[in-house]
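J.: Handing you a structure now.
The values are calculated or read from the model by the stated rules, or taken from the named source; none is laboratory data. It should be emphasised that the depicted structure is a prediction, and the values quoted were computed from it without experimental measurement. Ideal geometry is used to build each Cβ from the backbone, glycine not excepted, and the neighbour counts take in all protein chains shown.
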Amino acid sequence: MKFYELTPEKRRQILKDRGIQLNKINEQTLKGLNSLSENVVGQVRLPLGLVEDLLVNGRHYQVPMAIEEPSVVAAANHGASIFAKNNGVTAHNQRDGIYGQIVLKIEKDFVLKKLLTKIPSLINLANKKFASLVRHGGGVKDIKARQSASLLYLRVLVDPAESMGANKTNSILEFLAGKLEQETGIKEKLFAILSNYPSQLTTAKVKLSFTSVGGERAAKRVALLSQIGCNDVYRGVTNNKGIMNGIDAVLVATGNDYRAVDAAAGVLANQNGKYRSLSKWQVKGGYLLGKLTLPLAIGTVGGSINARKDIKQSYRILGKNVTASDLANIIASIGLANNLAALLAISTTGIQAGHMKLQARNIVAELKATDDEKSKVLAVMIKEKIYSETYAKKLLKKIRKDK
């Protein structure tokens with residue numbers, strides 16, 4: 001049997017026979033994981049952190065973040081607390097659909113105008129075939145076609161309703177491609193697959209008092225850093241990485257495809273042929289104004305969301321009746337919160353100050369010591385601003401010697 005045909009237990013045994021030590025895992029857990037992925041031999045777990053209070057469009061949310069970097073969760077909470085003092089975030093999104101692409105080879109006798117007249121009937125056929133999606137408020141909304149030499153390109157707009165829609169969109173595209181191959185002048189299908197081109201754009205905005213961000217000088221420094229991020233690619237890409245720290249953590253916690261969002265965000269940042277910051281901060285009318293627009297093709301149902309208990313837990317934390325539109329607004333707001341916290345840190349104490357305090361916690365956690373000893377070691381490390389494993393061990397010896 002091939003490796004992928006084996007049970008997870010047998011795959012694990014093969015690795016053990018090769019001298020690889022594996023972590024223990026519950027048999028039932030392993031079975032569940034095997035239904036979610038391929039060649040499963042174990043699991044990698046992430047901590048689930050929490051943004052305690054994020055105010056978006058007048059509603060308070062507790063937001064789960066799955067990430068191993070404590071500074072990201074801390075930054076999101078810091079940004080969210082500043083937003084809460086300023087009436088929160090105003091956010092909106094365009095849940096107009098995601099794009100799919102069909103490319104076919106065509107014969108010399110193909111007539112584009114003739115095909116264009118049949119597009120309405122193709123849309124109707126697809127929506128009848130996938131009636132369940134239509135009943136949930138989605139379906140095929142539009143088809144655009146263009147010809148380039150011996151190739152026909154079709155761009156299909158699919159509204160996935162409350163789901164991410166990747167699998168459903170691909171099924172629709174395959175169905176449409178099959179119908180198109182029956183048309184005169186069409187030779188064969190090259191491919192039919194969704195596109196991760198930016199869609200479902202979501203915008204989050206805040207209006208912050210100078211006092212809430214540490215004064216007018218701090219606000220102006222944030223705005224200047226933002227301007228640099230729009231003009232300098234080295235700063236722009238780092239700024240966007242900081243935004244995606246928070247975005248990806250919520251996407252992972254809610255079972256959404258962070259890879260698709262990251263790919264689309266990269267295109268949006270470079271849409272005018274020049275890479276720039278996705279966020280914009282400016283001082284205007286006595287306030288610090290912040291804005292972030294992101295492509296968020298996300299969902300609250302479908303995929304692995306319904307099959308995973310850990311993901312269901314995240315939705316219980318978010319609260320009842322959170323729609324895909326609500327979740328997109330929340331995610332964009334988290335990105336803006338992380339961005340503000342990072343810009344404030346960079347423009348004042350420096351980003352490493354906060355990072356290293358949190359890193360000290362990780363170092364201390366690895367010490368073979370009591371909780372009381374760890375607490376004392378951590379306090380001294382932070383006070384002295386020395387964040388090394390060697391120093392932590394030295395402090396532990398001193399604490400024990402002084403007892």
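Residue-by-condition table, conditions (1) at positive phi; (2) modelled with pLDDT of 95 or more:
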{"site": "Ala265", "(1), (2)": "no, yes"}
{"site": "Lys274", "(1), (2)": "no, no"}
{"site": "Gly286", "(1), (2)": "yes, yes"}
{"site": "Gly290", "(1), (2)": "no, yes"}
{"site": "Ala297", "(1), (2)": "no, no"}
{"site": "Leu340", "(1), (2)": "no, yes"}
{"site": "Met356", "(1), (2)": "no, no"}
{"site": "Ala360", "(1), (2)": "no, no"}
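J.: Does Glu68 meet the test of being of a type outside the set (Gly, Ala, Ser) and out of contact with any helix residue (DSSP H, G or I) (no Cβ under 8 Å at 6 or more places or on another chain)?
T.: Yes: the conditions hold for Glu68.
J.: I'm trying to understand the selection: among the residues of region 204-220, which are surrounded by fewer than 19 Cβ atoms within 10 Å (Cβ to Cβ) and either touching a strand residue (DSSP E or B) at 6+ places or on another chain (Cβ under 6 Å) or under 24 Å from Val72 (Cβ atoms) (or both)? Break it down into steps so the answer makes sense when it comes.
T.: Here is the first cut: in region 204-220, the ones surrounded by fewer than 19 Cβ atoms within 10 Å (Cβ to Cβ) are 205, 207, 209-212, 214-218, 220.
Once the filter is applied, which keeps residues that are surrounded by fewer than 19 Cβ atoms within 10 Å (Cβ to Cβ) and either touching a strand residue (DSSP E or B) at 6+ places or on another chain (Cβ under 6 Å) or under 24 Å from Val72 (Cβ atoms) (or both), region 204-220 yields Lys205, Lys207, Ser212, Gly214, Ala218, Lys220.
J.: Let me ask something additional. Give region 1-22 a look and list any residue that's exposed (fewer than 10 other Cβ atoms within 10 Å of the Cβ) and of a type outside the set (A, V, I, L, M, F, W, C), or say none.
T.: Lys2, Tyr4, Glu5, Asp17, Arg18, Gly19, Gln21
J.: Looking only at region 37-58, which residues are touching a residue at least 60 places away in the same chain (Cβ under 8 Å) and either touching a Cys at 6+ places or on another chain (Cβ under 8 Å) or assigned to a strand (DSSP E or B) (or both)?
T.: Leu48, Gly49, Leu50, Val51, Leu54, Val56
J.: Test each condition in (1) in a helix (DSSP H, G or I); (2) of a type in the set (Lys, Arg); (3) farther than 23 Å from Asn57 by Cβ for Arg276 and report the one that comes out false.
T.: Failing condition for Arg276: (1).
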